[in-house]
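Have a look at this one.
Derivation of every value follows stated rules applied to the coordinates shown; laboratory data play no part. Just so you know, these numbers come straight off a predicted model, no measurement behind them. All Cβ positions, glycine included, derive from the backbone under ideal geometry; neighbour counts span all protein chains shown.
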Amino acid sequence: MNLNRWDVVFVPADAQDATGHPAVVLSPPDILADPRQARLNVLVGTKKQPAETAKSHQVILNGADGLEFATLLNCALVYQVRKANILRTVGSVSHARRGAIATRVRAALGLG
């Protein structure tokens, strides 16, 4: 599987999760291209409920990003997942949302 930063993928929450949760790839190209690197960094999202609003550390993703449903992406917690565990790639984060995600990650992690 050929991955790029900002790809929207699905990763399993546990060994029994066949459908997975949407996630955004954060790792740099050299890590993604290196077959010796078995893991990568992602931000994980969950399906947004109709009345739910985004918190200060979340960004809403939708069809423009390759998803079939509105998703709250948690920018406060970076997960490390195995490349082999990625179930599928569905799209890429739209250019309009990349800046918002980067800003929220920096703010949530205290990086400026």
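Per-residue HN-Hα couplings for the stretch 20-33, Karplus 6.51 cos²θ - 1.76 cosθ + 1.60 at θ = phi - 60°, whole Hz, x for Gly and Pro?
x, 10, x, 8, 10, 6, 10, 4, x, x, 5, 5, 5, 7
Counting other C-beta atoms within 10 Å, and keeping those with at most 14, which DSSP coil chymotrypsin sites (Phe, Trp or Tyr not before Pro) do you find in the stretch 1-101?
Numbers: sites: 6, 10, 69, 79; in loops: 6, 69.
Here the chymotrypsin sites (Phe, Trp or Tyr not before Pro) that fit, given the DSSP loop and packing criteria, are 69.
Mind checking the full-extension length gain between residue 109 and residue 19? Use 0.36 nm per residue of separation minus the Cα-Cα distance, one decimal, nm.
Values: separation 90, 0.36 × 90 = 32.40 nm, distance 2.90 nm.
Fully extending the segment from residue 109 to residue 19 adds 29.5 nm.
Which one is right for this structure if Cα extents along the principal axes in Å is calculated from it: (i) 42, 41, 20; (ii) 41, 34, 23; (iii) 35, 31, 22?
Correct label is (ii).
Sort 38-47, 98-107 by packing, meaning the average of other beta carbons within 10 Å per residue, with the highest value first.
Values: 38-47: 18.1, 98-107: 15.5.
Top to bottom by mean Cβ count within 10 Å: 38-47, 98-107.
Divide by every residue of the chain the summed helix terms, -39500 (n - 2.57) for each DSSP H run of at least 4, and state the resulting mean residue ellipticity at 222 nm, rounded to the nearest 500 deg cm²/dmol. Walk me through the numbers before you get to the answer.
Details: 2 runs with 19 residues, N = 112.
Value at 222 nm, helices only: -5000 deg cm²/dmol.
Work out from phi, with θ = phi - 60° and the Karplus expression 6.51 cos²θ - 1.76 cosθ + 1.60, the ³J(HN,Hα) of each residue of the stretch 72-89, listed in order in whole Hz, and give x for Gly and Pro.
Each residue of the stretch 72-89 in turn: 8, 8, 7, 8, 9, 9, 9, 9, 10, 10, 6, 4, 5, 8, 5, 7, 6, 10 Hz.
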